[in-house]
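Here is the structure we will look at, set down as structure tokens.
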Amino acid sequence: IALALDGETALKIVAETRIDLILLDIMMPGIDGFEVCQRLKSNPKTEEILIIFLTAKNDTDDIVKGFQVGGVDYITKPFRKEELYARVQNHIKLKLFRDWYKIQAEESRNKKYDFLRSLHDLGSLMG
């Protein structure tokens with residue numbers, strides 16, 4: 001767990017620490033949460049970080065923009081902690097499932113490659 005009170009600090013923390021999920025306010029000193037999210041999503045090293053906007057901005061345009069810039073969820077203040085916990089837990093579970101699926105897909109590709117290479121090697125031996 002890490003805490004940043006402004007966007008620049010948040011970006012520095014993310015650059016130095018492995019982060020899986022960020023609760024991000026939009027209204028912060030310096031760069032706003034939308035800009036932080038856009039920067040994270042444009043960087044291949046940080047693009048998979050889950051970002052949940054947690055903000056007092058409840059205008060439809062802001063909510064839509066939050067999703068457009070890469071947020072996975074948008075919660076308005078005041079919020080209920082039980083709802084926040086449930087949403088965080090669900091997004092972490094989904095991330096774990098996606099990560100597991102990627103690993104399985106990669107292993108499957110590697111097995112297919114090994115099989116095809118074996119067939120090629122066998123064909124070369126036979127002649």
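Worth a mention:
- Distant-in-sequence amide contacts of Leu54, defined by a placed amide H-H separation under 5 Å and a gap of 5 or more residues or a different chain, comprise Leu24, Asp25, Ile26, Ile75.
- A 1.4 Å probe run over the protein chains yields, for the chain, 71 Å² of accessible area per residue, whole-number rounding.
- Computed in the context of the full set of protein chains, the accessible area of the chain at 1.4 Å probe radius has 57% of its extent on carbon or sulfur.
- Under the combined filter of DSSP loop state and at most 13 neighbouring Cβ atoms within 10 Å, region 11-98 retains these trypsin sites (Lys or Arg not before Pro): Arg18, Lys45, Arg80.
- Computed from backbone phi, the HN-Hα couplings of region 3-13 come to 10, 10, 9, 8, x, 4, 5, 4, 5, 5, 4 Hz, rounded to whole numbers (Karplus: 6.51 cos²θ - 1.76 cosθ + 1.60, θ = phi - 60°; Gly and Pro given as x).
- Residue-by-residue Karplus 3J(HN,Hα) for region 85-93, coefficients 6.51, -1.76, 1.60, Hz, glycine and proline x: 4, 5, 5, 4, 4, 5, 5, 5, 4
- Projected over every direction and averaged, the convex hull enclosing the alpha-carbon atoms of the chain yields 10.3 nm².
- Amide H contacts of Ile31 (H built 1.01 Å from N, in plane; Pro and chain starts excluded): Gly7, Glu8 sit under 5 Å, all sequence-distant by 5 or more or on other chains.
- Charged-residue dipole, Cβ positions (Lys, Arg, Asp, Glu), the chain about Cα centre, Debye nearest 20: 420 debye
- Farthest toward the positive end of the dipole of region 1-124, out of Tyr74, Val14, Asn90, is the Cα of Asn90, where the dipole comes from beta carbon charges about the Cα centre.
- Where GluC sites (Glu not before Pro) in DSSP loops with at most 16 other Cβ within 10 Å are excluded, longest remaining stretch of the chain: 49-127
The values are calculated or read from the model by the stated rules, or taken from the named source; none is laboratory data. Worth saying up front: this structure is predicted, and the values here are computed from it rather than measured. Glycine also receives a Cβ, built like all others from the backbone with ideal geometry; neighbour counts cover every protein chain displayed. For the accessible areas, the whole protein counts, side chains as well, though only heavy atoms, and no ligand, DNA or RNA atoms are used. Shrake-Rupley method; radii C 1.70, N 1.55, O 1.52, S 1.80 Å.
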